[in-house]
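First comes the structure, then the notes that go with it.
A short reminder: the numbers here are calculations on the coordinates, not readings from a lab. Since we're looking at a predicted model, the values are computed, not measured. All Cβ positions, even for glycine, are placed from backbone atoms using ideal geometry, and neighbour counts span all protein chains on display.
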Amino acid sequence: MNDRAALLAEIAELKTRHHAVILCHNYQPAEIFPVADYIGDSLELARKAAETDSELIVFCGVRFMAETAKLLSPRARVILPAPAAGCQMADMVSAEALRARREELGDVAAVAYVNTTAAVKAESDICCTSANAVRVVESLPPDRPVLFVPDRNLARWVAHESGRAIIPWEGFCYVHALFTVADVARARREHPGVPVACHPECPLEVLEAADHVASTGGMYRLAREHAELVLGTEVGMCDRIRFDFPENRCWPLRRTAVCRNMKLTTLELVRDALASRVEEVTVPEPVAGRARAAIERMLAAS
Ligand code: 13P
Ligand code: SF4
C-alpha cells in the first residue's frame, strides 16, 4: 500500500471507530473529496449538520461553517481540521459594530449572511446563504428596511432580484470582488457558446453579464445539464465538478481566484482531527441560542 492509500485507509478506520461524519465544502482541496461523506454548499452542509446523529463532525471548510454545524448539532463534537481557516469577509463585521449601526438606523431587519461569526448572527433577525438570500429577504415584512451584513455585492444582488430597499454593509469577498465584466467578455471569446455562471458574491455588473447566478451548490446542479461551463467563483469549484463529472469541461473565470483559507485543509490534518478529537469548535451561551434562532428562522423561510 502506498502512503496515500494508507492514509485513506487510516481515515476510514478512524471515522468508523469514532462514529464520525466528514462534511466538506465545495472549495476544499480535491484530495479531501474522496474521504467526505457529503460535499456541498453552505446551506446543504448546514442541513446535513442538522440531520446527523453522529457524535463527531469533522468539518472541512472554514470556521463560520463549522460554527454553524455546531449550532445545529449541539450534542456533536465539531472539529475544524485547519483551526486557522477563517473567512476574511466574515471578519469585516463585528457584533459591536452591527449593534451600533442598528441603533443608528432605528427599526430595521438585520439579515446576516451565513459568512459571519456566531456573535454577529446573534445580533441579527435572520441568516441567509447565497442559495436562499433572495427568498429570505422576500419572506420579511415589506415595510421594514433591511440591513444586510457583511457582503455588499450579495446585498446588491438581492435588492436587484427582490426589488427591496436594502442597506448594505461595506464588506466583500476578496476572491469574488475582483471579477470584472472584461473577464466575462474574455471567457466568451475563449469559450464561445459555453454558459458562464457566477457566484452572487461577484459585483452586480458581472452578475448581469453572466448567463447564470448560482451558489456553489447551484453550480454543481448546472453541471448536470451543461457538459461545459465557465465558473465565476473560487477555482476549486471546477475540481469539485470534475470529481463527480469527469467528462465535463470546466474553466475558472480567473485562475488566480483562490481562497487561501479553504486550501489549508490536508488529508493529514483530517487524520489528526479524527485521531486526537481536540481543537473542538464551541459557541458559548447566550450567543449560541440567539445565533441558532437566526439560523433556524432561515431554514424555516427556505
Ligand atoms: P456557497 O454557500 O455558495 O457554497 O458559498 C460559500 C462561500 O464562502 C462563497 O465564497
Ligand atoms: Fe470567505 Fe471568500 Fe473564502 Fe468564501 S471564498 S470563504 S467568502 S474568503
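Brief remarks follow.
- Charging the Cβ of each Asp and Glu at -1 and of each Lys and Arg at +1, and nothing else, the dipole of the range 197-302 about its Cα centre rounds to 140 debye.
- Distant-in-sequence amide contacts of L229, defined by a placed amide H-H separation under 5 Å and a gap of 5 or more residues or a different chain, comprise R249, C250, W251.
- Of the chymotrypsin sites (Phe, Trp or Tyr not before Pro) in the range 149-236, the ones in a loop by DSSP (not H, G, I, E or B) with at most 16 other beta carbons within 10 Å are Y174.
- Prolate/oblate/rounded call for the chain, Cα gyration tensor, a/c under 1.5 rounded: oblate
- Placing +1 on each Lys and Arg Cβ and -1 on each Asp and Glu Cβ, with no other charges, gives the chain a dipole about its Cα centre of roughly 120 debye.
- R0 of 51 Å, Cβ-Cβ distance D272-E208: FRET efficiency to nearest 0.05: 0.70
- Measuring nothing but how far apart in sequence close Cα pairs (under 8 Å, 6+ apart) lie, relative to its length, the range 38-79 scores a relative contact order of 43 percent.
- Per-residue ellipticity at 222 nm, computed for the chain from helices alone with -39500 (n - 2.57) per DSSP H run of at least four residues, works out to -12500 deg cm²/dmol.
- Ordering 43-56, 230-243 by mean Cβ neighbour count within 10 Å, with the highest value first, yields 230-243, 43-56.
- Surrounding net charge for E161, when Lys and Arg each add one and Asp and Glu each subtract one, Cβ distance under 12 Å: +1
- Ranked by how many other beta carbons lie within 10 Å on average, peptides 79-85, 182-188, 120-126 from highest: 120-126, 79-85, 182-188
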